[in-house]
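Asker: One structure, pasted below without further comment.
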Amino acid sequence: MSEKTKYIFVIGGVMSSVGKGITTASIGKTLQSKGYSVCMVKCDMYVNVDAGTIRPTEHGEVFVGEDGIEADQDLGNYERFTGIASTRDNYITTGQIYKTVIEKERNLEYGGEDVEVVPDIPNEIIRRIKEASVKNNSEITIIEIGGTVGEYQNLLFLEAARMMHLESPGSVVFILVSYIPIPKTVGEMKTKPTQYAARSLNSAGIQADFVLARAEKHLDEKRKEKLSIFCNVPIENIISAPDVDSIYEVPLNFEKEDLANKILKKVNLTPRKTNLKEWRELVEKIKSIKNQIKIAVVGKYFATGDFVLSDSYISVIEAIKHACWANNVNPDLTWVNSKQFENDLNSVKTLSQYDAIIVPGGFGSRGIEGIINAIKYARENNIPFLGLCFGMQLAVVEFARNICGLEANSTEINKNTKNPVIDVLPEQKQVLENSRYGATMRLGAYPAILKQGTKIYELYKNFDLIKDNKIFERHRHRYEMNPKFINTLEEKGAIFSGYHLRKDGTKLMEFIELPKHKFFVATQAHPEFKSNPLNPSPLFYGLVKSCLG
Ligand code: GLN
């Protein structure tokens, strides 16, 4: 299988943040639409073993795969576009590669030889790419190399790409995704930075087969000719990739440029079919929607300096969009920093202008009282509310305090609270005592048994997702609803509508709802990770629907 697999490398030029992840995901989508099985791999140049220990304001959201891998947010893009669930096969970091090579060396697996940075490190990268391809029955594997050509950190990944091309030139394609600025004072597209990027790639031993020119506008013929000559790429392989209103339009633009067919031709394949109909209809629908609803996302990770970094919650944002579109409305999103509800209790009333309130995941104690105030406001004023992970934990704290009259908290926030309604499991206590933070949370997909007759059961049922009373959602947390308090909350009207049953018989509460409220739903899981534009998440869908009456 792996002998026949084709490999497409996507490499960035000029600068980051030009949408390399969306580009890679869209290439995957269009090749898939031609009838080929694809696998997407992200190579992150960091020494981190996974993204789990990186602050979200630093690196964006930590995306969680089906098997619990804590990965770069690009895996979320791949999944939203192709519908293929991510696992650790799809994520490679410098840290993982070195860790494996060093472990092999300690086990004498190099048979007494010197272990060298080149070729041993690239060889391990190649092994991982091929392993991912075989395990996922991939006919075409698309590998996105993090960072930008010319930086020191991703050189060994480029080296791996070069070596794969050397081994099988007809099976490897290189795509340079570059940026073409239009300086205000000049008013014209400048191709020189991209020419330099193509040359930097040459000095790593790689000749681009395609240049994908990201820019505000379409490339004109003149710029195409220039790029062709100076980047040494046939003119038909200079692809125009202008800014678009919705990222979901990108695959359709690529189709207009015939990119997928050109890539197939390059590796001696022909399209088996073209099937982008459903996607095209989706994009047309998105463009035609007129009505809006106002949604507040209340949390604390939004600000870095003077900027709002919504990247930390990219999957939540996309899940909101998917659910809105399925309900024929557009979201008008506002990031509300919970800090403001701490100093000025009255300011929480400003939340009355929103149709719905979402409290997403989070960690630590900063800004927490403000979030709890916001949840109280949503509950008391019948504003549709969805709590995700930390959002559920804080909804439990709010209910315990204000309805059950307990002096309650999560032990994450106050270790010595009188009533630890949210607490760690015993095994997590040891993890924390030994500071073993990496990859030790409750991670990945777990089944939850749903209670019939609840709102949550109905929502999942309408999406046909319940099998044997169970649904699967992904997780990333250390703390849990403390079973000692379940009865107290239920006596006061809360319903725990689903739980995970552990092998030892313990039940972990996964969902809570308040039946008398218009829509007050919270989950210990992160349903946003499984939402895609063609299949929205039932809980997000329910939230939006409840706003529309
Ligand atoms: N901090 C909480 C926990 O670790 C919630 C985590 C989250 O929201 N992802 O349990």
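The values are calculated or read from the model by the stated rules, or taken from the named source; none is laboratory data. Bear in mind the structure is a predicted one, so any value in this text is a computation, not a measurement. So basically every Cβ, Gly included, is an ideal-geometry build from the backbone, and we count neighbours across all protein chains shown. The accessibility values were calculated without ligands, DNA or RNA, using every heavy atom of the protein model including side chains. Shrake-Rupley method; radii C 1.70, N 1.55, O 1.52, S 1.80 Å.
Asker: Scan the stretch 130-139 for residues that are in contact with a Ser or Thr (Cβ under 8 Å, 6 or more places away or on another chain) and either assigned to a strand (DSSP E or B) or surrounded by fewer than 24 Cβ atoms within 10 Å (Cβ to Cβ) (or both) and jot them down.
Answerer: Hits for the stretch 130-139 are LYS130, ALA132, VAL134, ASN136, ASN137, GLU139.
Asker: Please determine whether any residue of the stretch 372-383 is in contact with a Cys (Cβ under 8 Å, 6 or more places away or on another chain) and closer than 21 Å to VAL521 by Cα.
Answerer: no
Asker: Hey, another quick one. Can you name the residue in the stretch 1-50 that is of a type in the set (Gly, Ala, Ser) and in contact with a helix residue (DSSP H, G or I) (Cβ under 6 Å, 6 or more places away or on another chain) and, of all such residues, is farthest from ASN253 (Cα to Cα)?
Answerer: SER2
Asker: A further question follows. Does THR417 satisfy the condition of being surrounded by fewer than 24 Cβ atoms within 10 Å (Cβ to Cβ) and either part of a helix (DSSP H, G or I) or within 12 Å of the ligand (Cβ to nearest atom) (or both)?
Answerer: For THR417, the condition - surrounded by fewer than 24 Cβ atoms within 10 Å (Cβ to Cβ) and either part of a helix (DSSP H, G or I) or within 12 Å of the ligand (Cβ to nearest atom) (or both) - is not met.
Asker: Then there is this: Here are GLU124, GLU109, GLU113, GLU151: which of them is among the charged types (D, E, K, R), within 30 Å of ARG214 (Cβ to Cβ) and more than 24 Å from the chain's Cα centre (by Cα)?
Answerer: That would be GLU151, the only listed residue that is among the charged types (D, E, K, R), within 30 Å of ARG214 (Cβ to Cβ) and more than 24 Å from the chain's Cα centre (by Cα).
Asker: Please pick out the residue among GLU236, GLU249 that is buried (at least 16 other Cβ atoms within 10 Å of the Cβ) and charged (D, E, K, R).
Answerer: Selected residue: GLU249, the only one of GLU236, GLU249 that is buried (at least 16 other Cβ atoms within 10 Å of the Cβ) and charged (D, E, K, R).
Asker: With respect to ALA161, determine if the residue is among the hydrophobic types (A, V, I, L, M, F, W, C), buried (at least 20 other Cβ atoms within 10 Å of the Cβ) and in contact with an Asp or Glu (Cβ under 6 Å, 6 or more places away or on another chain).
Answerer: So ALA161 does not fit the description; no.
Asker: Go through the residues of the stretch 362-380 one by one and say whether even a single one is more than 16 Å from the ligand (Cβ to nearest atom) and aliphatic (A, V, I, L, M).
Answerer: Checked against the condition, which is being more than 16 Å from the ligand (Cβ to nearest atom) and aliphatic (A, V, I, L, M), the stretch 362-380 yields at least one hit.
Asker: When the residues of the stretch 322-361 are filtered to those that are closer than 23 Å to ASN77 by Cβ and open to solvent by less than 10 Å² (accessible area, probe 1.4 Å), which remaining residue is farthest from the ligand (Cβ to nearest atom)?
Answerer: Only one residue tops the list, namely CYS324.
Asker: For residues in the stretch 252-275 being more than 26 Å from the chain's Cα centre (by Cα) and within 27 Å of ILE182 (Cα to Cα), which is most open to solvent (accessible area, probe 1.4 Å)?
Answerer: Looking at residues that are more than 26 Å from the chain's Cα centre (by Cα) and within 27 Å of ILE182 (Cα to Cα), I get LYS256.
Asker: Please give the helices (runs of 4 or more DSSP H) falling wholly within the stretch 218-269 in which 3 or more residues are touching a Ser or Thr at 6+ places or on another chain (Cβ under 6 Å) and touching a residue at least 60 places away in the same chain (Cβ under 8 Å).
Answerer: Ranges flagged: 250-256.
Asker: Does at least one position in the stretch 101-110 carry a residue that is touching a residue at least 12 places away in the same chain (Cβ under 8 Å) and open to solvent by less than 20 Å² (accessible area, probe 1.4 Å)?
Answerer: The answer is yes; a qualifying residue exists.
Residue by residue, here is whether (1) in contact with a strand residue (DSSP E or B) (Cβ under 6 Å, 6 or more places away or on another chain); (2) open to solvent by 10 Å² or more (accessible area, probe 1.4 Å) holds:
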{"site": "ARG128", "(1), (2)": "yes, yes"}
{"site": "THR141", "(1), (2)": "yes, no"}
{"site": "VAL149", "(1), (2)": "yes, yes"}
{"site": "PRO169", "(1), (2)": "no, yes"}
{"site": "PHE174", "(1), (2)": "yes, no"}
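Asker: Among residues belonging to the stretch 294-334 that are assigned to a loop (DSSP other than H, G, I, E, B) and within 23 Å of MET392 (Cα to Cα), point out the one that is modelled with the highest pLDDT.
Answerer: Filtering first and then ranking leaves LYS300.
Asker: Within the stretch 451-490, track down each residue that is surrounded by 21 or more Cβ atoms within 10 Å (Cβ to Cβ), under 17 Å from SER537 (Cβ atoms) and touching a Lys or Arg at 6+ places or on another chain (Cβ under 7 Å).
Answerer: GLU473, ARG474, HIS475, listed by residue number.
Asker: Could you please find all residues in the stretch 55-68 being under 18 Å from ILE145 (Cβ atoms) and part of a loop (DSSP other than H, G, I, E, B)?
Answerer: Matches in the stretch 55-68: GLY60 only.
Asker: With (1) touching a Ser or Thr at 6+ places or on another chain (Cβ under 7 Å); (2) acidic (Asp, Glu); (3) not in a strand (DSSP E or B) as the list, and GLU398 as the residue in question, which single condition is left unmet?
Answerer: GLU398 satisfies every listed condition except (1).
Asker: Another one. Please work out which residue is farthest from ARG127 (Cα to Cα), limiting yourself to the stretch 70-100 and to residues that are β-branched (Val, Ile, Thr) and open to solvent by less than 10 Å² (accessible area, probe 1.4 Å).
Answerer: For the stretch 70-100, the residue satisfying everything is THR93.
Asker: Mind listing whichever residues of the stretch 458-479 are away from the ligand (no atom under 16 Å from the Cβ) and closer than 18 Å to PHE529 by Cβ?
Answerer: Selection gives LEU459, TYR460, PHE463, LEU465, LYS470, ILE471, PHE472.
Asker: Take the residues in the stretch 420-434 that are assigned to a helix (DSSP H, G or I) and of a type in the set (Asp, Glu), then tell me which one is farthest from the ligand (Cβ to nearest atom).
Answerer: Selected residue: GLU433.
Asker: Of the residues ILE383, ILE413, ILE403, which is free of Cβ contacts under 8 Å to residues at least 60 places away in the same chain and either under 24 Å from LYS545 (Cβ atoms) or of a type in the set (A, V, I, L, M) (or both)?
Answerer: ILE413
Asker: Would you check if there is a residue in the stretch 82-89 being of a type in the set (S, T, N, Q) and over 20 Å from the mean Cα position of the chain (by Cα)?
Answerer: no
Asker: In this structure, does PHE390 turn out to be within 16 Å of the ligand (Cβ to nearest atom), under 30 Å from LEU534 (Cβ atoms) and aromatic (Phe, Trp, Tyr)?
Answerer: Yes; evaluated as a whole, the condition is true for this residue.
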